[in-house]
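What follows is one structure encoded as structure tokens, with my remarks underneath.
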Amino acid sequence: MRSTLFWLAVAFLIGAVSHLSYVLIAPSFAMQRLIGTGQADTPVNRLVLLDAPEQMRLLGEAESEAVSAKCLFDISKGELLVTAEMPDTFWSLTLYSDKGADLYTINDRQAGIDRFKLTVKRAPGIIDLLRGDQSETARALSDGWSVEIAEPTGIAVFWMALDYPEQRKLFTDILSRSSCTLTPEAS
Amino acid sequence: MRLSSIIKASGIIFAGVVLGIVTAQWSIEKTATAMTAGGGPWKSWFSGTASIRDPYAQAHYIMFGRLPPALGQELLFEAAQDDDGATLDASCDYVLTGPRLAARWWQLALADEESGTPSAVTLSSPRLVGEPDGTMRIQISREPKTGNWIDPGNISRFVMVLKLRPGSGLNAGASVVTLPRIKRGACS
């Protein structure tokens, strides 16, 4: 009887661990596979226009429906400067963490303009907050927009709608003038 | 250690792992909310009024190979059944009817239920031909149809994925969106 209870408890414990692993850990690996982190040929902190198969895989949208680009970012050693140049259409820019959480998002109506700078930096930790040095935030706010995020790695997704497929080349040309670069921290 | 003990321990571990994964998948499916504003079988894992913080809802999107909808930018609805509760089958014709969707851009896609992967079979709002009375009507069939027509192609059972981009940036609630009805027609 005692042996049966013991094995039932073991099965329950293993079940709980695999349940939590499936819900909490597996999506992180799936997200990393989805966005392409960890692959040797995937550039980091650089804007990459998505071709048709990649756009379908990542966004589920055909090349006749939208134009998109991605920028895998890693701001553990600096700030990310996104210089966005978007066409006059319905567009959005969304930052996701590498665990799939949406960190920041903006569209054409919220932005009001189709050309802007966005500085992405790590949110200050408790020690930084206690030190109370906010001068960096003020500088960034006076130079475009600034967003502070808690996760150091993730993906920025640029998306724009096509009213008709022939717009693709024009919108791709405009979007390719956008950039996504890391500004190293001053030592 | 005796062989019987090893077999017993392996069986317990296997049963525990299976139990954990089955309950996890069940919990992920249970986090969906039935959408009732327009009736019908549409479900959503995303309320639209707050970022997804529920790990079960998050897992639903990512494990299915999709980026989760971003707050204020996107609403995602899924239907695996028609209005009468029957599973969507590509050998049958379906008609979606309802008021035009209140979004700047939307896309209706058919995803293969077996492989769980998004399909390239889509219809998006710029290509929609509206009805004279201002409503919309979309037909899904392997046979060519006039008007808005989606060919499911080689997939057998499918899920409809309706992506809405409201475009306002406001946090639109998924529960107040009126979604099209799904009526099954003839089956081959």
> In terms of modelled amide H atoms, which long-range or inter-chain residues lie less than 5 Å from the amide H of A:Glu61?
Replying inline: A:Met56
>> For A:Asp74, what residues show an amide H to amide H distance below 5 Å, using hydrogens built from the backbone and excluding near sequence neighbours?
In response: A:Asn45
> Going by alpha carbons, how many degrees (0 to 90, nearest 10) lie between the helix axis of B:3-30 and the longest principal axis of chain B?
Replying inline: 20 degrees
> Which whole number gives the average, over all residues in B:21-27, of C-beta atoms from other chains lying within 10 Å of the residue C-beta?
Replying inline: 5
> Which whole-Hz ³J(HN,Hα) couplings does the range B:150-165 yield from phi under the Karplus relation 6.51 cos²θ - 1.76 cosθ + 1.60, θ = phi - 60°, glycine and proline marked x?
Replying inline: 10, 9, x, x, 8, 5, 9, 9, 9, 10, 8, 10, 10, 9, 10, 10
> Put a dot 7 Å past each Cα toward the Cβ at B:Thr178 and A:Asp41; how far apart are the dots in nm?
Replying inline: 4.9 nm
> What residues qualify as long-range amide H neighbours of A:Ser146, i.e. H under 5 Å apart, gap of 5 or more or another chain, H built at 1.01 Å from N?
Replying inline: A:Thr119
>> As I understand it, the dipole of chain A uses +1 on the Cβ of Lys and Arg and -1 on the Cβ of Asp and Glu, about the Cα centre. Which of A:Pro165, A:Met86, A:Leu59 lies farthest toward its positive end?
In response: A:Leu59
> What is the calculated FRET efficiency for B:Ser115 to B:Glu143, with r their C-beta to C-beta distance and R₀ = 30 Å, to the nearest 0.05?
Replying inline: 0.80
> Once you sort the root eigenvalues of the Cα gyration tensor of the range B:34-187 as a ≥ b ≥ c, which label holds: rounded (a/c under 1.5), prolate (a/b larger than b/c) or oblate (the other case)?
Replying inline: oblate
> If you take the square roots of the eigenvalues of the alpha-carbon gyration tensor of chain A and sort them as a ≥ b ≥ c, do you get rounded (a/c under 1.5), prolate (a/b over b/c) or oblate?
Replying inline: oblate
> Of A:Lys99/B:Lys183; B:Lys30/B:Lys145; A:Lys70/A:Lys121, which pairs sit farther than 28 Å apart, going by alpha carbon to alpha carbon?
Replying inline: A:Lys99/B:Lys183; B:Lys30/B:Lys145
> Build a GNM of chain B with springs between Cα atoms under 10 Å: which of B:Met136, B:Met160, B:Met63 gets the top mean-square fluctuation?
Replying inline: B:Met63
> At a Förster distance of 22 Å, what's the computed FRET efficiency of A:Ala123 paired with A:Phe29, Cβ-Cβ distance as r, to 0.05?
Replying inline: 0.35
>> Suppose a student asked you for the relative contact order of chain A, using Cα pairs under 8 Å spaced at least 6 residues apart; what percent would you report?
In response: 31 percent
> Which listed residue (B:Ile150, B:Val121, B:His60) has the Cα farthest towards the positive end of the charge dipole for chain B, taking +1 on Lys and Arg C-beta and -1 on Asp and Glu C-beta about the Cα centre?
Replying inline: B:His60
>> Shape verdict for the protein assembly as shown, please, from the Cα gyration tensor: rounded (a/c under 1.5), prolate (a/b greater than b/c) or oblate.
In response: oblate
> Simple spin-label model, 7 Å along Cα-to-Cβ: B:Glu29 to B:Ala186 in nm?
Replying inline: 3.3 nm
>> Could you check the spin-label model distance between A:Met1 and A:Asp74? Points 7 Å from the Cα along Cα→Cβ, value in nm.
In response: 5.9 nm
> For A:Glu54 and A:Ile113, FRET efficiency with R0 = 30 Å and r from the beta-carbon atoms, rounded to 0.05?
Replying inline: 0.60
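We did not get these values from a lab; they are worked out from the coordinates using the rules stated. Predicted, not measured: the structure shown is a model, and the values here were computed from it. Virtual Cβ from ideal backbone geometry, glycine too; neighbours counted across all protein chains shown.
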